[in-house]
Amino acid sequence: MNSDLRYAFRTMRTRPGFAAAVVGTLALGIGASTAMFSLVDAALLRRLPFDDPEKLVVLWGVAGPQRAIRGASIPEANDWRSQNRSLSDLTLYDETSLNLRSGGGAERIEAEMVSPSFFPLLGVRAARGRTFLPEEDRIPDANAVVVVSDQFWRERFGGDPGLVGRSLIVNDRSVTVIGIMPPRFKGLSFDTDIWFPTMLVSLTNGARAVEERGLRWLMTFGRLQPGREIADAQRDFDGVAARLTESFPQTNTDRGVQVISLKESYLGTTRTLLLVLFAAVIVFLLIACANVTGLQLVRATARRREMAVRLALGANRSRLIRQLLTEGIILSLLGGAAGTLVAYWTVDALRPYIPQGLLPGYVDIAINARVLLFSLGLALVAGVVCGLTPAFMSARQDLTDALKDGSRSAAAGLGRIRRPGLQQVLVGVEVALALMLLIGAGLMVRTLRSQLDVAPGFSPDGVMTARLSLPSRYTAELRAAFATQLAERLGAMPGVTAASVSSDLPLSGSSSAATFLMPGSTDAIRYYRHYVTPGFFAALGISLSRGRSFLGSDLRGSAPVVILSEASARRLFPDTDPIGRTLPLRSGTTTEVTVVGVARNVRFRDLTTDITAPASEPDIFFPYAQRTDADIMIAARSRAEAPITLEMLRGAVAAIDPALPLFRVRPLGDFLDQQTATARFGSLLLIVFSSVALILAAIGLYGVIAFVVGLSRREIAIRMALGAEAATVRALVVRNAMMLVTAGVIVGLVAAALVAGVLSNQLFGVTPRDPVTFSVVPLTVLLVAFIASYVPARRASQVEPQLALKSE
């Protein structure tokens with residue numbers, strides 16, 4: 001073995017260019033695969049940091065035949081807990097944020113509202129103090145207690161052991177800290193500062209949240225009983241939903257429960273994207289291995305006389321196989337080591353491009369021990385695969401033929417380019433795999449283009465946004481007064497041309513919904529409600545197609561009015577002018593509201609939902625003064641030469657109430673960018689992988705042609721001596737090469753058509769077998785292949801017949 005190693009390193013020193021090409025190619029393939037595996041490992045393979053996480057399931061309330069997720073109400077979730085027979089326990093959960101007031105001012109902290117069973121279900125105990133008791137979560141607002149995270153305790157209170165038992169002011173409410181959690185526990189959201197019990201409703205909701213069955217916003221999760229699976233739990237909760245429909249037909253008709261694993265709830269469609277990207281880099285690795293194998297075959301052919309001499313001197317064939325395999329493994333291990341460095345650089349370069357929200361909070365991408373073992377495994381497999389093939393071919397060669405004349409006997413003529421030898425098959429495979437990657441990239445790029453072409457209905461340029469949460473001391477009248485004052489102060493800032501306060505903004509993910517019945521109908525219409533101040537439409541660049549905007553006189557106590565979107569107007573009043581018509585929208589008691597305007601369609605939820613469909617859910621705007629909300633968003637539009645700063649926004653809020661913290665300050669354009677972030681991320685990676693894969697395939701094709709042309713110098717010289725034109729020789733070489741490439745393209749097209757469906761839930765505005773993509777990509781591959789084959793063909797046509805025949 002030592003002699004094999006010494007000989008292998010000596011051989012690499014004599015052919016440094018060959019060794020560098022092999023190591024570099026494998027470094028690219030192994031490095032990219034290792035980097036993507038680190039992402040897949042962190043998101044899909046790594047266990048969640050909870051006790052027996054495989055048994056944890058999430059329960060969502062769903063509505064209608066589409067089973068659209070709608071959440072659960074507190075009464076409904078309590079019924080789920082008491083009536084199910086498949087879970088050992090169930091806890092209510094809501095991720096939110098709160099205002100924390102201290103001597104240094106006010107700040108926003110991340111919070112989770114949970115049942116007392118939350119901590120036992122996750123298998124965690126307080127490091128100091130205790131968690132919630134069942135009796136502390138029975139009577140609304142009877143027990144103002146909270147539990148805090150270790151990070152919150154250390155960063156804001158310096159790790160003071162006396163924090164347990166002390167009071168904090170949260171959302172203007174005094175609460176007592178009863179426990180501090182262990183250092184690594186950050187809740188289900190992985191960024192939680194504070195936990196409070198479900199019945200402490202005054203922090204985030206009114207008392208009606210405890211009583212109203214139709215007020216749905218909660219997630220619930222539980223632990224499967226021993227021996228139970230998710231399918232068992234789903235059947236169980238289908239029965240629970242049916243019983244609730246019988247008991248509460250007004251609120252639970254067409255309502256169900258969806259049971260999924262906790263990890264699935266975190267990942268959603270991201271799982272498919274990650275698996276597709278991982279499959280793409282494995283394909284990329286296969287192309288790299290095929291390229292290396294082709295290089296090894298060329299090298300083995302060049303060493304035929306050497307191998308023949310060694311066999312003639314007494315070396316057995318198994319000894320040659322071991323020697324060549326050793327060389328292949330050493331090269332692959334060097335490639336694996338270089339690939340690990342490539343993986344480190346790739347992960348660092350990749351992090352800034354991962355869209356916010358694409359990956360769950362528990363994902364920490366790192367090159368750890370398991371990832372390094374994966375890299376080592378890839379290197380060994382690549383070494384064996386790339387080393388064995390040329391080793392067996394060298395060991396099986398004819399000794400007499402090889403000793404006669406290695407070069408001439410190896411030549412099989414220009415026709416060898418297209419004949420199904422191993423090198424040709426490898427090139428065809430490379431072409432097919434590269435084409436599959438390019439089609440995947442093409443579909444993602446087309447999806448991104450379709451999303452970018454969607455008109456959002458608003459103008460984000462120059463608009464800065466932020467969030468506020470008004471505490472319970474703000475009554476409806478005070479909220480309306482605050483919104484009016486804040487909008488005026490924002491509008492008076494230097495450079496600001498329009499400003500508004502509203503309950504939500506387009507694509508911010510904070511819209512709320514309700515239902516109503518049109519006169520004479522029994523089918524409830526679900527609609528999205530937006531509470532806005534008069535400057536909302538100007539601040540967001542939303543034009544009105546008819547009627548008027550809201551006025552300062554549209555106050556609480558005046559005639560209730562609304563503005564519809566164009567799509568909503570067509571659905572609710574298909575054949576009449578909606579201006580002046582009324583809608584039976586509830587506000588505590590049944591109230592008729594009058595339509596005073598129609599606004600252009602605005603995309604509030606996403607860019608992909610067809611908001612013009614006949615059954616689309618309407619968007620209805622209300623004057624904020626007539627319907628207020630504690631959670632508000634501000635938007636201010638400024639001229640390009642006078643951008644709005646964080647200090648300006650904070651100053652406007654502090655001038656009214658310095659105890660209110662401003663949070664999530666960001667340009668409105670960020671909401672739009674986030675909608676296309678996943679498509680941009682997937683497109684970027686697939687374009688990089690597929691482009692490099694196409695380059696590798698082109699290099700492989702070039703190598704085969706150049707190799708065969710080099711062995712066919714005598715044939716070329718004879719053809720030209722007999723009168724063949726240079727153009728004829730070029731055409732012959734290119735034609736043979738393109739026949740080989742065409743076979744690879746056909747195989748790649750068939751394979752891509754078969755597997756393209758896995759991308760279906762990532763696509764928008766394009767089908768998995770998009771004709772444009774399936775036409776343009778093959779033509780691109782054929783063009784690149786033509787260029788790769790033309791270069792060696794041109795060199796072949798420049799052979800001097802006399803010189804070539806003399807050298808033979």
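The values are calculated or read from the model by the stated rules, or taken from the named source; none is laboratory data. Small disclaimer: the values here were computed from a predicted structure and weren't measured. FYI the Cβ positions are ideal-geometry reconstructions off the backbone, even for glycines, and counts take in every protein chain you see. Just so you know, the surface numbers come from the protein's heavy atoms only, side chains and all, with ligands and any DNA or RNA stripped out. Shrake-Rupley method; radii C 1.70, N 1.55, O 1.52, S 1.80 Å.
Note on the chain: dipole from Cβ charges, positive end direction compared against Ala752, Met518, Phe537; the farthest Cα belongs to Ala752.
Sorting the segments 677-688, 42-53 by their residues' average number of neighbouring beta-carbon atoms within 10 angstrom, most packed first, yields 677-688, 42-53.
With +1 assigned to the C-beta of every Lys and Arg and -1 to the C-beta of every Asp and Glu, and no other charges, what is the dipole magnitude of the chain about the Cα centre in debye, to the nearest 20? Dipole magnitude for the chain comes out near 3420 debye.
Rounded to 0.05, the FRET efficiency of the Ala655 and Leu341 pair, given R0 = 60 Å and the Cβ-Cβ distance, is 0.65.
Basic side chains Lys and Arg get +1 at the Cβ, acidic Asp and Glu get -1 at the Cβ, and with that the dipole of segment 555-675 about its Cα centre reaches some 160 debye.
Share of carbon and sulfur in the accessible area of the chain stands at 57%, probe radius 1.4 Å. With Cα atoms defining each centre, segment 126-148 and segment 570-631 are spaced 41 Å apart in the structure. Considering the dipole of segment 176-294 built from charges on the beta carbon (Lys and Arg +1, Asp and Glu -1) around the Cα centre, which of Trp195, Gly268, Ile282 is farthest to its positive end? Most positive-ward Cα: Ile282.
Computed extension length for Leu422-Arg208: 69.6 nm, one decimal, from 0.36 nm per residue of separation with the Cα-Cα distance subtracted. Near Leu507: Cβ cut-off under 11 Å, other residues only, Lys/Arg at +1 and Asp/Glu at -1. The net charge is -2. Each of the peptides 593-602, 561-570, 521-530 was scored by the mean count of other Cβ atoms within 10 Å over its residues; in descending order, highest first, they stand as 561-570, 593-602, 521-530.
Which value, in debye to the nearest 20, gives the size of the charge dipole of segment 82-219 about its Cα centre, when Lys and Arg are +1 and Asp and Glu are -1 at the Cβ?
I would put it at about 200 debye.
Length gained on full extension, Leu133 to Asp461, computed as 0.36 nm times the residue gap minus the Cα-Cα distance: 113.1 nm.
Average projection, convex hull of the Cα set of segment 318-374: 5.3 square nanometres. Please identify the trypsin sites (Lys or Arg not before Pro) of segment 163-235 that satisfy two criteria: DSSP loop assignment and at most 12 other Cβ atoms within 10 Å. Which are they? Loop-located and lightly packed - Arg166, Arg184.
Tally Lys and Arg at +1 and Asp and Glu at -1 over the other residues with C-beta under 15 Å from the C-beta of Arg571: what net charge comes out? Kindly include the intermediate steps, with their values, before the conclusion.
Numbers: positive: Arg526, Arg570, Arg581; negative: Asp523, Glu566, Asp575, Asp577, Asp610, Glu617, Asp619.
Charge balance in the 15 Å sphere: -4.
Projecting the Cα atoms of Met219, Val145, Ala241 onto the charge dipole of segment 121-258, computed from C-beta unit charges around the Cα centre, puts Val145 farthest toward the positive end.
Give me the distance between the Cα centres of segment 495-549 and segment 242-286, rounded to whole Å. That distance is 30 Å. Applying 1/(1 + (r/R0)^6) with R0 = 56 Å to the Cβ-Cβ distance of Ser545 and Ala369 gives a FRET efficiency near 0.35.
Over segment 145-203, the alpha carbon radius of gyration divided by the compact-protein estimate 2.2 N^0.38 Å works out to 1.07.
Seen from every direction in turn and averaged, the convex hull around the alpha carbons of segment 81-205 projects onto 7.7 nm².
Kirkwood hydrodynamic radius of the chain, from the reciprocal of the average inverse Cα-Cα distance over all distinct pairs: 31.4 Å. Between Ala524 and Ala142, the distance separating the two model label sites (each 7 Å from Cα on the Cα→Cβ line) works out to 3.0 nm.
Per residue, the accessible area of the chain comes to 43 Å², computed with a 1.4 Å probe over protein heavy atoms only. From the square roots a ≥ b ≥ c of the eigenvalues of the alpha-carbon gyration tensor of segment 169-258, which class results: rounded (a/c under 1.5), prolate (a/b over b/c), or oblate? It comes out oblate by the Cα gyration axes. Classify segment 7-139 as rounded, prolate or oblate from the Cα gyration tensor: take a ≥ b ≥ c as the square roots of its eigenvalues, call it rounded if a/c is under 1.5, otherwise prolate when a/b beats b/c and oblate if not. Prolate, because a/c is 1.5 or more and a/b exceeds b/c. With θ taken as phi - 60° and the Karplus curve 6.51 cos²θ - 1.76 cosθ + 1.60 applied, the whole-hertz 3J(HN,Hα) list for segment 637-648 is 9, 10, 6, 4, 7, 9, x, 7, 9, 4, 5, 5 Hz, x standing for glycine and proline. Charge tally for Ala231 (other residues, Cβ to Cβ under 15 Å; Lys, Arg +1; Asp, Glu -1): -2.
If a/c stays under 1.5 just call it rounded; otherwise compare a/b with b/c (prolate if a/b is bigger, oblate if not). Do that for segment 469-611, with a ≥ b ≥ c from the square roots of the Cα gyration tensor eigenvalues. Here segment 469-611 falls in the prolate category. Taking amide H positions as modeled 1.01 Å from N, with prolines and chain starts lacking one, no residue 5 or more places away or on another chain lies under 5 Å from Ile644.
Once both labels are positioned 7 Å from their Cα atoms along Cα-to-Cβ, the gap between Ile695 and Glu592 label points is 7.1 nm.
Given a Förster radius of 41 Å and the C-beta distance between Ala538 and Ile169 as r, what FRET efficiency does 1/(1 + (r/R0)^6) yield to the nearest 0.05? For Ala538 and Ile169, the calculated efficiency is 0.65. Each label point was placed 7 Å from the Cα along the Cα-to-Cβ direction; for Asp631 and Arg235 their separation is 3.8 nm. Quick check on the chain: helices-only [θ] at 222 nm, where DSSP H runs of length 4 and up contribute -39,500 (n - 2.57) each and the sum goes over total residues. Nearest 500, please. Estimated from H runs of four or more residues: -16000 deg cm²/dmol.
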